[in-house]
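A short worksheet on the structure shown next.
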Amino acid sequence: MKKLERSLNLKSVIVISLSAMLGSGLFVLPGLVVTQTGPSIWFSYLIAALCVLPAAISKAELATAMPSSGGTYVYLERTFGPFFGTIAGIGLWLSLLLKSSFALIGLGAYLSYIAHVPLIETAIIISLVIMVINILGVSKVSKLLSVILFVMLASIGGLCLWAMVVRETSSTVVHETFFSNGLGGFFRSTATVFVAFAGVTKVAAIAEEVKNPGRNLPRGILISLFVATVVYCGVTFVLSKVIPLNELAGDIKPIITLGLKVGGENLGYFAAIIAIITMASVANAGVLAASRFPFAMARDQLLPPILGKLASSFLTPVWSIVISSLIVMASIVLLEVDSIAKFASTFMIIIYGLESVAVIVLRENRVQWYQPEYKTRFYPFVQIFGILTSLALLLYMGVIVVKALLVISIPGLLLYFIYGRPRVNRKGVVGIRAKRKDLTEVAPIIHHVENIDLTVGANVVVAFFGKQKASDMLVEIGVALSDRGNLEVVHLTEIPEQTDLDDIGDEPAYIRSLRRRVKAISDQFQTPITFEDIATHDMYKSIHEISLGLHCEWLVTSWQGRARDALTFHDPIGWLRDHLHCNVITFRDAGVRYIKKVMVIVRNHESDARVIDTADHFADVAGASLTVTKFVKKNDSDEIKDMYHKKISQICETCRSENRSINFLTGEKEVDAFVTASIEFDLLVFGAFPESGVKKLLHSEQDRLMAKAGCSVVALQLRSGSVS
């Protein structure tokens with residue numbers, strides 16, 4: 001399959017991003033927004049930039065983890081599934097094209113100052129030229145945009161400086177209230193100017209064409225946002241100081257008005273020429289970025305395949321560019337300028353909020369393939385701020401939100417149900433990690449799981465999820481449980497659903513090392529061990545089918561704990577662990593190599609006997625002593641303690657460990673008492689604590705015990721009725 005060429009460096013990323021922003025938001029929008037907020041127009045741009053910042057940071061992180069064509073569509077489709085991905089992809093496509101249409105309408109307004117030309121026909125001709133330029137290739141576009149951007153910034157900067165030097169005090173409305181229409185009008189104006197910053201994340205849509213995306217994408221996005229904010233705030237501040245607000249209100253060519261105020265007719269002509277060239281480049285950058293959405297969606301089978309084909313001569317998605325250009329032309333003919341700006345801004349605000357949500361979902365679910373080179377600082381507070389500001393701005397926008405959602409979302413809904421749904425069965429991270437009804441019932445017969453021979457069977461399965469520590473100890477625990485029976489060691493590598501399993505390259509070095517060590521353990525303990533490295537789209541389904549297909553009694557895996565940059569303690573197999581049809585052992589290694597003292601916790605639970613039996617088995621294999629530990633309250637009487645002692649003694653009568661004892665602990669908190677006692681032991685064994693969903697998500701007692709114990713820990717999730 002032909003691929004897009006990586007030809008864009010950091011300078012190109014900044015140029016394309018700025019060129020996509022500094023157009024209609026600068027040359028048209030101020031006259032429309034000033035009617036909503038008055039002299040505080042520049043402050044609206046500043047607050048809008050601050051609201052965009054979390055999305056820009058989130059986009060930078062997402063882009064370095066998924067540097068592929070399609071940008072936000074790819075992130076949302078992989079996170080939330082093809083349903084939301086289709087709606088987001090089509091919505092973003094249309095939003096960016098609306099912004100290009102907005103730029104071309106503004107271009108026409110400025111062009112009418114220079115010459116009497118038909119607006120619609122001229123805009124369509126320019127659209128055709130833009131289409132041809134994009135077909136020729138992105139590197140050629142980047143070189144052209146660099147020149148235009150430099151000329152525009154120098155010209156506008158010089159004009160604004162000149163305006164502030166020669167402006168007349170009498171022309172300034174000094175007594176106008178800063179927030180002319182109150183805070184409500186100010187926040188509505190802030191929401192409206194959101195569209196001006198859409199370009200800051202457009203460049204991620206062409207990430208597949210960026211050199212060294214892990215470095216150049218985040219730097220390019222953040223630098224361009226900073227520069228655009230300075231330019232927007234500076235120019236709108238000058239406009240509000242030099243042009244009387246009653247003249248500026250409703251003016252869709254304010255830069256010409258500024259030129260006339262400062263230098264007369266000649267400077268007005270010059271300002272018009274700069275605006276025309278700049279907005280042509282904005283429309284061009286919009287088509288460039290927007291055309292990559294249908295291209296990426298076609299590759300994911302959500303749109304017809306012709307949109308995902310590259311021209312052999314230019315390596316550009318020709319049909320996607322052509323259709324995008326046709327939509328721009330239709331928007332110019334059919335829509336009003338104000339509606340275009342508001343519709344595009346509304347959908348962008350929604351998407352920006354969802355990008356922050358996507359970062360949280362991918363991080364907290366410990367998705368293996370999500371390995372961004374750039375990570376957000378102050379996570380998750382940046383993302384939470386982005387979500388809250390998006391919601392606040394949408395509330396201030398009012399009814400237009402509903403209209404925009406309907407107009408922009410309906411095409412995506414129709415395309416998904418008519419074309420995409422019959423062709424794809426992907427779930428997205430949310431679908432895979434959610435409660436899975438398809439995995440809660442035992443399948444009658446499973447004939448094949450990946451490349452595992454199910455005819456052999458295995459009493460114990462040791463599962464590795466990516467690179468994990470204490471691999472040897474996990475396998476040795478599996479050996480101890482198997483009693484020289486068959487042991488299956490499985491390494492699972494989770495890859496995005498859009499990646500073909502056949503595209504996986506050679507076996508990584510750490511897998512070869514793990515395979516070698518597993519073979520050594522098999523020879524040392526004279527135990528038959530089979531090792532398989534499996535790449536899978538659905539880790540939950542693979543584990544579920546392996547446990548059923550091999551009819552295993554035990555599944556052994558390591559405890560992950562809370563990641564350094566995570567908010568929750570989410571387990572890699574999370575909810576599924578509680579629904580597997582086998583016993584599950586979760587092991588946390590504390591670096592203890594030789595087990596001589598084993599402590600087992602009983603909690604007056606029906607599973608106590610099986611927990612003690614399992615701990616006794618470990619102690620017997622290791623030749624270690626066994627101490628059965630029970631926490632008692634300070635006010636428990638001697639009679640209660642004697643009852644506990646008698647019950648535990650009866651259970652221990654079948655134990656094989658000769659050196660065993662019973663110990664009672666007391667204190668303020670049960671877990672703290674166990675943690676303190678664990679320092680004297682090499683291995684702590686306990687049955688999983690029954691806890692609510694909220695505690696599991698945040699910081700449960702079991703998590704605290706696993707994390708703080710002074711020795712290695714084994715937590716048992718025992719299935720009802722299973723044999724120990």
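Within the stretch 304-333, take every residue that is outside any helix (DSSP H, G or I) and either buried (at least 24 other Cβ atoms within 10 Å of the Cβ) or hydroxyl-bearing (Ser, Thr, Tyr) (or both) and give me the one that is modelled with the highest pLDDT. Show your work before the answer.
Of the residues in the stretch 304-333, the ones outside any helix (DSSP H, G or I) are 304, 309-317.
If we keep only those that are either buried (at least 24 other Cβ atoms within 10 Å of the Cβ) or hydroxyl-bearing (Ser, Thr, Tyr) (or both) too, we end up with 312-313, 316-317.
Numbers: Ser312: 70, Ser313: 70, Thr316: 76, Pro317: 82.
Across the stretch 304-333, the extreme among qualifying residues is Pro317.
Which of the following residues is touching a Pro at 6+ places or on another chain (Cβ under 8 Å), of a type outside the set (A, V, I, L, M), closer than 30 Å to Gln301 by Cα and touching a residue at least 12 places away in the same chain (Cβ under 8 Å): Glu77, Glu61?
Values: Glu77 fails: touching a Pro at 6+ places or on another chain (Cβ under 8 Å).
Testing whether each residue is touching a Pro at 6+ places or on another chain (Cβ under 8 Å), of a type outside the set (A, V, I, L, M), closer than 30 Å to Gln301 by Cα and touching a residue at least 12 places away in the same chain (Cβ under 8 Å) leaves just Glu61.
Out of the residues in the stretch 483-542 that are aromatic (Phe, Trp, Tyr) and touching a Leu at 6+ places or on another chain (Cβ under 9 Å), which is surrounded by the most Cβ atoms within 10 Å (Cβ to Cβ)? Quick ask: steps written out before the conclusion?
Narrowing the stretch 483-542 to residues aromatic (Phe, Trp, Tyr): 510, 525, 531, 540.
Within this subset, residues satisfying the condition of being touching a Leu at 6+ places or on another chain (Cβ under 9 Å) are 531, 540.
Values: Phe531: 20, Tyr540: 24.
Residue satisfying both the conditions and the ranking: Tyr540.
Select from the stretch 528-546 the residues that are in contact with a helix residue (DSSP H, G or I) (Cβ under 7 Å, 6 or more places away or on another chain) and assigned to a strand (DSSP E or B) and list them in ascending order.
Answer for the stretch 528-546, where residues must be in contact with a helix residue (DSSP H, G or I) (Cβ under 7 Å, 6 or more places away or on another chain) and assigned to a strand (DSSP E or B): Ile529, Phe531, Asp533, Ile534, Ala535, Thr536.
Determine if the stretch 115-122 includes at least one residue that is at pLDDT below 80, buried (at least 22 other Cβ atoms within 10 Å of the Cβ) and among the small types (Gly, Ala, Ser). Even if it seems obvious, please write down each step before you answer.
Initially, the stretch 115-122 is screened for residues at pLDDT below 80, giving 115-122.
Cutting the leftovers down to buried (at least 22 other Cβ atoms within 10 Å of the Cβ) gives us none.
Looking for residues that are at pLDDT below 80, buried (at least 22 other Cβ atoms within 10 Å of the Cβ) and among the small types (Gly, Ala, Ser), one finds none in the stretch 115-122, hence no.
Do we have any residue at all in the stretch 558-567 that's modelled with pLDDT of 85 or more and either part of a strand (DSSP E or B) or touching a Ser or Thr at 6+ places or on another chain (Cβ under 9 Å) (or both)? It would help to see each step written out before you state the result.
First, pick out the residues of the stretch 558-567 that are modelled with pLDDT of 85 or more: 558.
After this cut, where a residue has to be either part of a strand (DSSP E or B) or touching a Ser or Thr at 6+ places or on another chain (Cβ under 9 Å) (or both) as well, the list is 558.
Yes, because at least one residue in the stretch 558-567 is modelled with pLDDT of 85 or more and either part of a strand (DSSP E or B) or touching a Ser or Thr at 6+ places or on another chain (Cβ under 9 Å) (or both).
Can you find even one residue in the stretch 334-344 that is surrounded by fewer than 20 Cβ atoms within 10 Å (Cβ to Cβ), outside any loop (DSSP other than H, G, I, E, B) and at pLDDT 90 or above? Talk me through it step by step, then tell me what you get.
The initial filter retains those residues of the stretch 334-344 that are surrounded by fewer than 20 Cβ atoms within 10 Å (Cβ to Cβ), namely 334-339.
Subset that is outside any loop (DSSP other than H, G, I, E, B): 334, 337-339.
Then drop every residue that is not at pLDDT 90 or above, which leaves none.
Within the stretch 334-344, not a single residue is surrounded by fewer than 20 Cβ atoms within 10 Å (Cβ to Cβ), outside any loop (DSSP other than H, G, I, E, B) and at pLDDT 90 or above.
Suppose we filter Ile601, Ile595, Ile612 for residues that are touching a Phe, Trp or Tyr at 6+ places or on another chain (Cβ under 6 Å), hydrophobic (A, V, I, L, M, F, W, C) and modelled with pLDDT of 90 or more; which single one remains? Give the steps one after another, and end with the answer.
Values: Ile595 fails: touching a Phe, Trp or Tyr at 6+ places or on another chain (Cβ under 6 Å); Ile612 fails: touching a Phe, Trp or Tyr at 6+ places or on another chain (Cβ under 6 Å).
Going through Ile601, Ile595, Ile612 in turn, just one is touching a Phe, Trp or Tyr at 6+ places or on another chain (Cβ under 6 Å), hydrophobic (A, V, I, L, M, F, W, C) and modelled with pLDDT of 90 or more: Ile601.
Taking the conditions exactly as written (at pLDDT 85 or above and in contact with a Lys or Arg (Cβ under 7 Å, 6 or more places away or on another chain)), does Val235 satisfy them or not? Walk me through it before giving the result.
Numbers: at pLDDT 85 or above: yes; in contact with a Lys or Arg (Cβ under 7 Å, 6 or more places away or on another chain): no.
Answer is no for this residue.
Could you grab the pairs with beta carbons closer than 8 Å, sequence gap of 6+ or different chains, first residue in the stretch 616-639 and closer than 12 Å to Leu683 by Cβ and at pLDDT 90 or above, second one of a type in the set (Phe, Trp, Tyr) and crowded, with 16+ Cβ neighbours inside 10 Å?
Ala624/Phe618; Thr627/Phe681
List pairs: first residue in the stretch 644-665 and within 15 Å of Ser607 (Cα to Cα) and assigned by TED's automatic domain parsing to the domain that holds Lys596, second residue hydrophobic (A, V, I, L, M, F, W, C) and surrounded by 12 or more Cβ atoms within 10 Å (Cβ to Cβ) anywhere in the structure, Cβ distance under 6 angstrom, at least six positions apart or on different chains.
Going by the 6 Å Cβ cut-off, the qualifying pairs are Ile648/Val628; Ile648/Ile662; Ile651/Ala609; Ile651/Ile612.
Can you pull out every residue in the stretch 390-438 that is in a helix (DSSP H, G or I) and under 30 Å from Leu548 (Cα atoms)? First the steps, then the outcome.
So the first thing to find is which residues in the stretch 390-438 are in a helix (DSSP H, G or I), and the list is 390-397, 400-420, 428-433, 437-438.
Hits for the stretch 390-438 are Gly428, Val429, Val430, Gly431, Ile432, Arg433, Lys437, Asp438.
The values are calculated or read from the model by the stated rules, or taken from the named source; none is laboratory data. Bear in mind that the values here come from a model prediction, so they are computed numbers and not experimental data. Counting neighbours? That spans all protein chains shown, and the Cβs are built from the backbone with ideal geometry, glycine included.
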